[in-house]
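**Student:** Here it is, the structure, as structure tokens.
The values are calculated or read from the model by the stated rules, or taken from the named source; none is laboratory data. Quick caveat, the model's predicted, so the values are computed rather than measured. Counting neighbours? That spans all protein chains shown, and the Cβs are built from the backbone with ideal geometry, glycine included.
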Amino acid sequence: MSMKKPKRFQAQEYWNRPVPSFGDIKAKLLIIGLAPALNGGNRTGRMFTGDSTGDWLIKALYETGFANSPYSYSANDGLQLKDSYVTSAVKCAPPDNKPTLGEIDQCSKHLKNEIKLLRPHLKVIITLGNIALNAFSRITTNKRLKFKHGATYKICEDVNLIVSYHPSRRNTSTKVLTWSSWIEIFKEARRLIEIT
């Protein structure tokens, strides 16, 4: 992808390839995001790393016992996820952060395979944003689920889906997503894991 780097990242070499998912392969919690951020995962080579969305996600995972650190700044920072796994609907950074339906369809086989891999232990799935929710719905339930922050759906007997806003800078700076409403998503995930 051809792009102009922000000044603060001029000296850094970007990953610029599909960004792999990461986490515990025996995860009870799966988080599905939109796509790698242009100057986050696309730069560092790890989802939700090196940008403000990663700051929000990793801090929430840490505060609810799913991560060993509240920080995520590089793929080699020692961050380890416990009982959680992070992926995205699209594996490459899309132009203008808006993946096409074709890009989502192209990556859907990867998401489907990840869910299949995690299925034996999986208890809760959190989708971050409407695109992630729709991508998940298309490959699993084949029906459109309504987007509402905090909504919970029973996907099957032992797996729940929690819908959340994406922690994008647009959503957090405009208070569409507040820290208190964000952390509640992860507290609810923890609660559902413990009772399922």
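**Student:** What do you reckon, is I155 modelled with pLDDT of 95 or more, within 19 Å of V86 (Cα to Cα) and either among the aliphatic types (A, V, I, L, M) or surrounded by fewer than 20 Cβ atoms within 10 Å (Cβ to Cβ) (or both)? Lay out the reasoning, then the answer.
**Tutor:** Details: modelled with pLDDT of 95 or more: no; within 19 Å of V86 (Cα to Cα): yes; either among the aliphatic types (A, V, I, L, M) or surrounded by fewer than 20 Cβ atoms within 10 Å (Cβ to Cβ) (or both): yes.
No: the conditions fail for I155.
**Student:** Now a separate question. Which is surrounded by 24 or more Cβ atoms within 10 Å (Cβ to Cβ), touching an Asp or Glu at 6+ places or on another chain (Cβ under 6 Å) and either under 23 Å from I193 (Cα atoms) or not hydroxyl-bearing (S, T, Y) (or both), of V86, V90? Lay out the reasoning, then the answer.
**Tutor:** Working: V86 fails: touching an Asp or Glu at 6+ places or on another chain (Cβ under 6 Å).
Of V86, V90, the one residue that is surrounded by 24 or more Cβ atoms within 10 Å (Cβ to Cβ), touching an Asp or Glu at 6+ places or on another chain (Cβ under 6 Å) and either under 23 Å from I193 (Cα atoms) or not hydroxyl-bearing (S, T, Y) (or both) is V90.
**Student:** When region 51-70 is examined, which residues are found to be closer than 20 Å to L177 by Cβ and part of a loop (DSSP other than H, G, I, E, B)? Lay out the reasoning, then the answer.
**Tutor:** Looking only at region 51-70, we keep the residues that are closer than 20 Å to L177 by Cβ, and these are 51-64, 66-67, 70.
Those that are closer than 20 Å to L177 by Cβ and part of a loop (DSSP other than H, G, I, E, B): D51, T64, F66, P70.
**Student:** A follow-up question, please. Considering only residues of region 1-24 that are small (G, A, S) and modelled with pLDDT under 90, which is surrounded by the most Cβ atoms within 10 Å (Cβ to Cβ)?
**Tutor:** Quick first cut of region 1-24, residues small (G, A, S) only: 2, 11, 21, 23.
Imposing the further condition that a residue be modelled with pLDDT under 90 reduces the set to 2, 11.
Numbers: S2: 4, A11: 7.
Selected residue: A11.
**Student:** Pairs please, first residue from region 169-195 and over 11 Å from W56 (Cα atoms), second anywhere and of a type in the set (K, R), Cβ atoms under 8 Å, 6+ apart in sequence or on different chains.
**Tutor:** V176/R170; L192/K123; I193/K28; I193/K123
**Student:** Quickly run through region 73-92 and pick out the residues that are touching a Cys at 6+ places or on another chain (Cβ under 9 Å) and basic (K, R). It would help to see each step written out before you state the result.
**Tutor:** Of all residues in region 73-92, those touching a Cys at 6+ places or on another chain (Cβ under 9 Å) come to 88-92.
The one that is touching a Cys at 6+ places or on another chain (Cβ under 9 Å) and basic (K, R): K91.
**Student:** With respect to R170, determine if the residue is closer than 18 Å to D83 by Cα and either surrounded by fewer than 19 Cβ atoms within 10 Å (Cβ to Cβ) or touching a Cys at 6+ places or on another chain (Cβ under 6 Å) (or both). Outline the logic, then answer.
**Tutor:** Values: closer than 18 Å to D83 by Cα: no; either surrounded by fewer than 19 Cβ atoms within 10 Å (Cβ to Cβ) or touching a Cys at 6+ places or on another chain (Cβ under 6 Å) (or both): yes.
Against the criterion (closer than 18 Å to D83 by Cα and either surrounded by fewer than 19 Cβ atoms within 10 Å (Cβ to Cβ) or touching a Cys at 6+ places or on another chain (Cβ under 6 Å) (or both)), R170 does not qualify.
**Student:** Name the residue that is surrounded by the most Cβ atoms within 10 Å (Cβ to Cβ), counting only residues in region 25-50 that are at pLDDT 95 or above, part of a loop (DSSP other than H, G, I, E, B) and not charged (D, E, K, R). Can you show your working first?
**Tutor:** Taking region 25-50 first, the residues at pLDDT 95 or above are 25-33.
Pick out the ones that are also part of a loop (DSSP other than H, G, I, E, B) and you get 25-28.
Of the ones still in play, those that are also not charged (D, E, K, R) are 25, 27.
Details: I25: 12, A27: 22.
By that ranking, first place goes to A27.
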